[in-house]
Amino acid sequence: MDQRLLISGSRQLTGHVLISGSKNSALAILAGTLCCSSGSVALRGVPDLLDTRTMADVLRSVGARVEKDGGGVEGNALLVDASNVGSVEPCAERMGRIRAGFFVLGPLVARFGKAEVALPGGCRIGARPVDLYIKGLEALGAVSELS
């Protein structure tokens with residue numbers, strides 16, 4: 001049986017609603033900025049949360065510049081410049097604080113042809129496998145080694 005939500009009202013609703021950004025989307029998009037070898041990427045609606053700040057620290061650890069960009073009415077904004085990224089090895093301590101830190105693996109391999117990353121942490125649920133990420137990269141021709 002399909003579940004449905006039915007809302008009835010006696011008045012027409014009008015107006016604007018500012019919707020905050022999604023943490024999970026922001027984390028993946030932040031990691032994806034590492035693919036940009038020139039210029040800056042402006043991201044708006046990035047939730048100001050511990051996880052997004054930690055991901056910004058992970059990006060900084062490989063040489064990206066990440067700055068708050070005021071945001072104005074669009075909400076929290078970040079400006080990411082990954083043009084000077086030179087390391088393929090993000091800080092293991094920062095990677096260990098957030099599961100989504102592992103998202104930088106693909107962009108680093110795409111841009112530099114290699115990456116050396118610590119296994120992710122930050123998950124209160126318990127250990128979760130990363131084999132899907134590895135299998136995806138291997139299907140694209142990457143060779144992986146766990147040490």
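Conditions tested, residue by residue: (1) farther than 23 Å from residue 88 by Cβ; (2) in a helix (DSSP H, G or I).
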| residue | (1), (2) |
| --- | --- |
| 11 | yes, no |
| 15 | yes, no |
| 21 | yes, no |
| 29 | no, yes |
| 32 | no, yes |
| 38 | no, no |
| 43 | no, no |
| 55 | no, yes |
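Every residue in segment 89-108 that is part of a helix (DSSP H, G or I) and under 17 Å from residue 30 (Cβ atoms), please.
Of segment 89-108, the ones part of a helix (DSSP H, G or I) are 92-95, 99-108.
Scanning segment 89-108 gives 94, 95, 99, 100, 101, 102, 103, 104, 105, 106, 107, 108.
Since every read-out is calculated from the coordinates, none of them should be taken as a lab result. Being a predicted model, the structure only gives us computed values, none of them experimental. Note that each Cβ is placed from the backbone with ideal geometry, even for glycine, and that neighbours are counted across all protein chains shown.
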